[in-house]
Amino acid sequence: MKEITVQELEKAINSKTEFTLLDVRENYEYKIGHLNCVHIPMAEIPNRAEELDNDKMTYVMCKTGKRAAAVANFLATNFKFNEIAVVCGGVEAYANEIDQSIEV
């Protein structure tokens, strides 16, 4: 599975490149702090995956990256997502390294 760093994600955000940022954390985690993204908790992915555009670059994140990797693999295998990558370190790394105003 392809991975990107939080620095690479920040470059994509600033470049105005079109992509989907998918946060798969639980609702209570998301409410604490999040980026501008699509939020679908991991457990809901099988029933809601069709809400996502499988032809658009999709970056998947969770708190640290483990759940994101499982979801990215599931989407690539079962829903033919060709351009998908996991954000290494997840929201926690983004908050620590890029935007300290985001709580995790």
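Some points to look at:
- Multiplying the residue separation of Lys2 and Phe79 by 0.36 nm and removing their Cα-Cα distance gives an extension gain of 26.1 nm.
- Rg/Rg_globular for the chain, with Rg_globular taken as 2.2 N^0.38 Å and Rg from C-alpha atoms: 0.97
- Added length on full extension, which subtracts the Cα-Cα distance from 0.36 nm per residue, Val38 to Thr17: 6.0 nm
- At full extension, Glu26 and Arg48 could sit 6.5 nm farther apart than now, given 0.36 nm per residue minus the alpha carbon distance.
- Dipole magnitude (debye, nearest 20) for the chain, charges at Cβ of Lys, Arg, Asp, Glu: 180
Read-outs throughout are calculated quantities, based only on the coordinates presented, and are distinct from any laboratory measurement. Because the structure is a prediction, the values reported are computed rather than measured. No Cβ is skipped: glycine too gets one built from the backbone with ideal geometry, and neighbour counts run over all protein chains shown.
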